[in-house]
Amino acid sequence: MTMTSTRPTLAVGMVGYAFMGAAHSQAWRTAPRFFDLPLNPTMQVVCGRDAARTAEAAERLGWTETETDWRHLVERADVDLVDICTPGDTHAEIAIAALAAGKHVLCEKPLANSVAEAEAMTAAAERAAQDGVRAMVGFTYRRVPAIALARQLVAEGRIGEVRHVRAQYLQDWIADPEAPLSWRLDKAKAGSGALGDIGAHIVDLTQHITGEQIAEVSGQLETFVKERPVATDSVVPLGAGLSGSAGTERGPVTVDDAAVFIARFTGGGLGVFEATRFATGRKNSIRIEINGSAGSLAFDFEDMNVLEFFDAAEPDETAGFRRIIVTEPTHPYVGAWWPPGHGLGYEHAFTHQVVDLVTALAEGTQPLPSFADGLQVQRVLAAVETSSDTRAWQEIPA
């Protein structure tokens, strides 16, 4: 790290510049302008395979230089941290090489496409940590202020013992059977479909909020549309697979369209999970409700600045779910932004992720979620897939 002004500089190199790359870029630009960070992150270099498109992305997103080979980026002496925003099949190779080169790593979720890859990444992160090099996986929804408040309330014992967890992640972007293929529908690149792409988020969120882990699962996966049109070469699908024009050629869908599973948590509570990209009319709906012995919490990302809280100690005459507008300066992260009542959006959680990561790096502590946390989520995903294949309960290794 080099010194700029009175604060050390954290030079960032990012691999990938599509949907997630744009979100991460906005976060790196914004975090030092709204938060008092102990390090000064600089957007040093962005990497993509196509030189012209990468140059355009660098100018649009605010990166200083470009590379077309991630290996060159990892080798650069002027890069302190590698931010991985690529499809899952590349995560392990890039992350392991970056950690071996002494670079901190931020890797998008899910951590990998398999448990074996996630185990190798976690082992590499543990080796690197001995030399002060840190790795974090990007489960960004943890940084939504209402979610952070929910975790705080559970930790304070406000809902008592966790008994029921209900979690849904609902999208509809491939409900049309003529929507074209994208890398997210290719198991070789994505690892899994709705299960890994969006189900991973609600697995992480429920474990994060409750402070417990999923111990066993029973699940089922389904692919409703088995083949789709192949997108024309002239159209590059967006990172979320939301666009692209179809040709006459058709190709197989090799991932799940929807995943459902039930679970038991380490504290004995029960969980019901649903992840689908076929929930017609739902664009990005994340719904979580946690019922405890002393109260309940409910969150819906379509109303992301609100957390509903029920206190079972209230008298029957006035008892009911309390609608908390999570925009007070005393709420997590909110004090750096706008006056109370002025809501935050999707992009702010990425900024909060940068804040937490940079702060941990400056303090020499492990940023969370760690690669070990990402590995645990990967094991849950694998267990759900195995359960669907075998029609049997699967235990999650501790």
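The values are calculated or read from the model by the stated rules, or taken from the named source; none is laboratory data. If you're wondering where the values come from, they're calculated on a predicted model, not measured in any experiment. Positions of Cβ are backbone-derived with ideal geometry, glycine not excepted, and every protein chain shown enters the neighbour counts. Note: accessible area is taken over every heavy atom of the protein model, side chains too, but ligands, DNA and RNA are not part of it. Shrake-Rupley method; radii C 1.70, N 1.55, O 1.52, S 1.80 Å.
Summary table
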| item | result |
| --- | --- |
| Carbon + sulfur, % of accessible area of region 126-196 - ligands and nucleic acids excluded, 1.4 Å | 44 |
| Using θ = phi - 60° and Karplus 6.51 cos²θ - 1.76 cosθ + 1.60, couplings along region 358-366 (whole Hz; Gly, Pro as x) | 4, 4, 5, 4, 5, 7, x, 10, 6 |
| Share antiparallel - DSSP beta bridges, the chain, percent rounded to 5 | 60 |
| Trypsin sites (Lys or Arg not before Pro) within region 1-57: DSSP coil, no more than 13 neighbouring Cβ in 10 Å | ARG49 |
| Separation of the ALA116 and ARG322 label points, Cα + 7 Å toward Cβ, nm | 5.2 |
| Highest to lowest packing among 361-367, 336-342, scored as the average C-beta count within 10 Å | 361-367, 336-342 |
| Label-to-label distance, nm, for residues given as ARG49 and VAL230 (7 Å Cα→Cβ offset) | 1.5 |
| Two-decimal log10 I(q)/I(0) for the chain, as the Debye equation yields it once each C-alpha is a single scatterer, q = 0.11 Å⁻¹ | -0.82 |
| Label-point separation in nm, ALA398 to GLU178, each point 7 Å along Cα→Cβ | 5.5 |
| Average accessible surface area per residue within the chain, 1.4 Å rolling probe, Å² | 42 |
| Whole-Hz couplings from phi, Karplus 6.51/-1.76/1.60, listed for region 154-170; x for Gly and Pro | 5, 4, 7, x, 5, 10, x, 6, 6, 10, 10, 10, 10, 9, 9, 10, 10 |
| Count of Lys pairs (Cα-Cα under 19 Å; at least 8 positions apart or interchain) in the chain | 4 |
| Integer Hz, Karplus 6.51/-1.76/1.60 couplings in order for region 339-344, x for Gly and Pro | x, x, x, 9, x, 9 |
| Label point at THR68 placed 7 Å out along Cα→Cβ; residues across region 86-128 whose backbone nitrogen lies under 12 Å | none |
| Förster radius 30 Å - calculated FRET efficiency between THR390 and ALA188, Cβ distance, rounded to 0.05 | 0.85 |
